[in-house]
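J.: Structure incoming, see below.
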Amino acid sequence: MLRHLAIAAVGLLFTAPALALDLPTRKAGLWELKMIFEGRNLPPTVMKHCTDAATDKLMNANFGGSNEQHCSKQDMKTSGGTITIDSVCKFGDMTTTSHAVVTGSFDSAYTIKVASTRQGGLAVPGVAPGAETHMTIEAKWSGPCAAGQKPGDVIMSNGMSMNVLDMQKMRPPTR
């Protein structure tokens, strides 16, 4: 159960920003990311992610790029230091409409605020069908990756760790 929750959290983490067609690459090193689900009785999900430029680009391509075939809309606009992303994506019998606003610097700290609605799919506890949900991702660069870490390593606040690149290798091939 915890492993599925961790995989879902990592998937959400990279799916939301990867909906942007071409986000800037984050500074290499250790990033602390906090996901806050507003209006739900859930504690924030915190994880530390070790990354480098190649891993960051690969994750955006693999986690976000797979969405291109499922999305009827993926619009990204940049104005000043703000990136706005609007998307409509369908996965099976679920359609998600999202509006995300990204502010900050991919060298030090950034915030992503996502408002989304979901139609169809499995019920989500605490979320009414078709209701708008709000999530904030706060990311800050902490410094170099810790000794023994490699790019792609993610450490969840519960101590569980995984490597998203290894998870990517386990995904079934797309047709």
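The values are calculated or read from the model by the stated rules, or taken from the named source; none is laboratory data. Here the structure is a predicted model, which is why all the values come from computation and not from measurement. All Cβ positions, glycine included, derive from the backbone under ideal geometry; neighbour counts span all protein chains shown. For accessibility, only protein heavy atoms count, side chains too; no ligands or nucleic acids. Shrake-Rupley method; radii C 1.70, N 1.55, O 1.52, S 1.80 Å.
J.: Can you list the residues, at least 5 places off or on another chain, whose amide H is less than 5 Å from the amide H of residue 152, using H built in the peptide plane?
T.: Under 5 Å from the amide H of residue 152 lie the amide H atoms of 50, 51, 52, each far enough along the sequence or on another chain.
J.: Distance check, please: which entries in 57/150; 34/77; 27/73; 48/77; 48/140; 48/73 exceed 20 angstrom between their Cα atoms?
T.: 34/77; 27/73; 48/77; 48/73
J.: Still on this structure: At a Förster distance of 22 Å, what's the computed FRET efficiency of residue 124 paired with residue 90, Cβ-Cβ distance as r, to 0.05?
T.: My answer for the efficiency is 0.85.
J.: Next question, about the same structure. What is the set of long-range amide H partners of residue 27 at a cut-off below 5 Å, with H atoms built 1.01 Å from backbone N?
T.: 107
J.: Hey, another quick one. Could you calculate the FRET efficiency of residue 161 with residue 78 from 1/(1 + (r/R0)^6), where r is the beta carbon distance between them and R0 is 22 Å, rounded to 0.05?
T.: In this case the efficiency is close to 0.05.
J.: Follow-up. Rolling a 1.4 angstrom probe over the protein chains, ignoring ligands and nucleic acids, what is the accessible area of residue 91 in square angstrom, nearest 10?
T.: Near enough 80 Å² of accessible area.
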